[in-house]
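Novice: Let me begin by handing over the structure; questions about it come next.
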Ligand SMILES: Nc1ncnc2c1ncn2[C@@H]1O[C@H](COP(=O)(O)OP(=O)(O)O)[C@@H](O)[C@H]1O
Ligand SMILES: [Mg+2]
């Protein structure tokens, strides 16, 4: 309270007390005038501390008694005595209430001070915003019968802008000023709109939906532009007041996650580079069979070409047979081309393209890629493909890489097997609810108990020429798609590796 105002109020209180005292002493009125001291005590609440209130109350009580003694002497009987007692009780009760009120106000002030302190010094940026106008605009929409807010906002993008303009920034803390790169608080508050990116508008739209749906809180990853024109990735969180409360003080906390996002991107790039290296090294392991895959059609082309020449050298040339030879050559050439294309795809380093994939198609392609290698290891590669599986959303090359790693591991695990058929079975099944399980089962050596927990660790290998990255890469790909990969030993021989991935949703 300004000093001038409090001085006037002190003077008023003293004047009132004096007036009451005078009236109480000289007035013959048969009423308990001193009850009015309650007003003086209530006035003192804002002006004094605890001790002050007690002193004022005592003063009022003393004045009441003095007035009584002056008016009635030492005669403690009858109505005047009763009126004096009523007045003293009124003074007592009021002073108790005033003290209690003062304590509550002090607690409130302390909590407000603590809150302000936390607000100002918090490590996260906090924006205090008034959303009451937005709240009533949303309420009006509801009253007009709008039920699908997302649809409404899609049809009326200007409504979002309108709401953004309606939000009033009340306060921001130090961290927020730093985050925005603003020079001072007033700059941060007045020009907050300059810091918004199109993404920020998206997050605001989502926040409107959350408010419309009566959610209690809201969290969203988005971005803002700083005063230095830098993009900062942020995580914003808001807690809305309970239904019915005003939205006059909504606190929005904002965490700068730019570094986290940068680290995440670097990690993804490193993983992708590693996966690429591992694919190339897998191709290295497959060279013998690749050469065979390409040589076979080449040899057929040469044979057909020679035959064609012979048919053409005849007198008269047999054009029909020559044409047939050329047609064979073309078909073989295409086959070789397809083999090379598959390998190029696998060796290519491109950003993953997540599309809806036919799992069985990919398994069949992998069988073509590793089939020759299997044959050379004396391994029978069998497929048991589930009928009409839903599509998976995953990058084709990544899924191929997983399956190649698992089948080649299976073949390696059977290198020493001589007493039973070497067989790898790749199975695909739909698994409730809307997932697909792919299992690669072998008849090999199985997995030792101490190896089991470390199987998917990077650089864990038990093979002399192994690198130990295959399974670790499989796991990172599967998990980045929200799936699961695990291994178990079979009841008889060998091990089975399973991967479980969620099927693509219908609308995707
Ligand atoms: N089908 C399997 N049967 C038994 N052990 C396996 C099988 N697949 C993988 N392993 C074990 O897991 C280890 C790691 O495999 P992986 O990550 O592909 O690396 P690498 O093949 O270079 O050793 C292998 O060295 C092997 O000990
Ligand atoms: Mg391997």
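Novice: Can you give the angle from 0 to 90° between the axis of helix 78-121 and the longest principal axis of the chain, with both taken from C-alpha atoms, to the nearest 10?
Specialist: It works out to around 30 degrees.
Novice: A follow-up question, please. Given the convex hull over the Cα atoms of the stretch 159-259, what projected area results after averaging over all orientations, in nm²?
Specialist: Working: hull surface 24.8 nm².
It is 6.2 nm².
Novice: If you scale each eigenvalue of the Cα gyration tensor by 5 and take the root, what three semi-axes come out for the stretch 257-364, rounded to whole angstrom and sorted largest first?
Specialist: Equivalent ellipsoid semi-axes, largest first: 46, 14, 11 Å.
Novice: If packing is taken as the average count of other Cβ atoms within 10 Å, what order do 84-97, 347-360, 417-430 fall into, highest mean first?
Specialist: Details: 84-97: 17.9, 347-360: 13.9, 417-430: 16.4.
Packing order, densest peptide first, comes out as 84-97, 417-430, 347-360.
Novice: Measuring from a point 7 Å past the Cα of residue 296 along Cα-to-C-beta, which residues in the stretch 346-377 have an amide N at less than 20 Å?
Specialist: Answer for the stretch 346-377: 346, 361-377.
Novice: What three numbers, in Å, describe the spread of the alpha carbons of the stretch 432-500 along their principal axes, ordered from the longest?
Specialist: Computed over the Cα atoms, the extents are 39, 28, 18 Å.
Novice: Still on this structure, I have one more. Quick one: the Cα spread of the stretch 77-234 along its three principal axes, in angstroms, biggest first?
Specialist: Result for the stretch 77-234: principal-axis Cα extents of 83, 44, 23 Å.
Novice: In nm², what is the average projected area of the convex hull enclosing the Cα atoms of the stretch 3-119?
Specialist: Averaged projected hull area, Cα only: 7.9 nm².
Novice: Hey, another quick one. Find the centroid of the Cα atoms in the stretch 422-442 and in the stretch 228-307, then give the distance between the two in whole Å.
Specialist: After rounding, the separation between the Cα centres reads 25 Å.
Novice: Which three extents, in whole angstrom, do the alpha-carbon atoms of the stretch 284-420 cover along their principal axes, largest first?
Specialist: Largest to smallest, the principal-axis extents are 58, 42, 32 Å.
Novice: Compute the relative contact order of the stretch 427-508 as a whole-number percentage, counting only Cα pairs closer than 8 Å that sit 6 or more residues apart in sequence.
Specialist: 36
Novice: Could you work out how much longer the chain between residue 114 and residue 383 gets when fully extended? Use 0.36 nm per residue separation minus the Cα distance between them, nm to one decimal.
Specialist: Gain on extension, residue 114 to residue 383, equals 90.1 nm.
Novice: Taking Cα pairs under 8 Å and at least six residues apart, what relative contact order does the chain come out at, in percent?
Specialist: Averaging sequence separation for qualifying contacts and normalising by length gives 8 percent for the chain.
Novice: Output the 0 to 90 degree angle, nearest 10, between the alpha-carbon long axis of helix 198-212 and the longest principal axis computed from the alpha carbons of the chain.
Specialist: Between the helix axis and the principal axis of the chain, the angle is about 60 degrees.
Novice: Which angle between 0 and 90 degrees, to the nearest 10, do you get for helix 37-47 versus the longest principal axis of the chain when only C-alpha atoms count?
Specialist: Compared with the principal axis, the helix lies near 40 degrees.
Novice: If R0 is 56 Å, what FRET efficiency do you get for residue 166 and residue 81 from their C-beta distance, rounded to 0.05?
Specialist: On the way: r = 65 Å, r/R0 = 1.16.
The calculated FRET efficiency here is 0.30.
Novice: Another question, if that's okay. Write down, largest first, the equivalent ellipsoid semi-axes of the stretch 1-65 in whole Å, where each equals the square root of 5 times an eigenvalue of the alpha-carbon gyration tensor.
Specialist: 23, 13, 8
Novice: Report the gain in length on full extension from residue 46 to residue 103: 0.36 nm times residue separation, minus Cα-Cα distance, nm rounded to one decimal. Before the final figure, lay out the partial values.
Specialist: Working: separation 57, 0.36 × 57 = 20.52 nm, distance 1.17 nm.
Gain on stretching residue 46 to residue 103: 19.4 nm.
Novice: Test of understanding: what is the full-extension gain from residue 431 to residue 393, defined as 0.36 nm times their sequence separation minus their Cα-Cα distance?
Specialist: That works out to 12.1 nm of additional length.
Novice: Right, another one. Taking the convex hull of the alpha carbon atoms in the stretch 88-168, what volume per residue do you get, in Å³?
Specialist: 163
Novice: What do you get for Rg/Rh of the stretch 394-508 when both radii come from the Cα atoms and Rh is the Kirkwood radius?
Specialist: Across the stretch 394-508, the Cα-based Rg/Rh ratio is 0.98.
Novice: So if I restrict to the alpha-carbon atoms in the stretch 368-459, what is the Rg, and what is Dmax, the biggest pairwise distance, in Å?
Specialist: 14.5, 41
Novice: Please work out the FRET efficiency for the pair residue 190 and residue 12, using the Cβ-Cβ distance as r and a Förster radius of 35 Å; give the result to the nearest 0.05.
Specialist: My answer for the efficiency is 0.30.
Novice: Roughly how many nanometres apart are two label points built 7 Å out from the Cα toward the Cβ at residue 376 and residue 266?
Specialist: About 4.0 nm separates the two model spin labels.
Novice: Let me ask another. Taking just the alpha carbons, could you work out the radius of gyration and Dmax for the chain, both in angstroms?
Specialist: Taking only Cα atoms of the chain, I get Rg and Dmax of 42.2, 159 Å.
Novice: Using r as the Cβ-Cβ distance of residue 321 and residue 419, and R0 as 51 Å, what FRET efficiency do you calculate, to the nearest 0.05?
Specialist: Efficiency computed from Cβ-Cβ geometry: 0.50.
Novice: Express the relative contact order of the stretch 122-256 as a whole percentage, based on alpha carbon pairs under 8 Å and six or more residues apart in sequence.
Specialist: Over the stretch 122-256, the number comes to 33 percent.
Taken together, the values in this text are just the output of simple stated rules run on the coordinates, not laboratory data. Not measured: the values here are computed from a predicted model. Cβ: placed from backbone, ideal geometry, glycine included. Neighbour counts: every protein chain shown.
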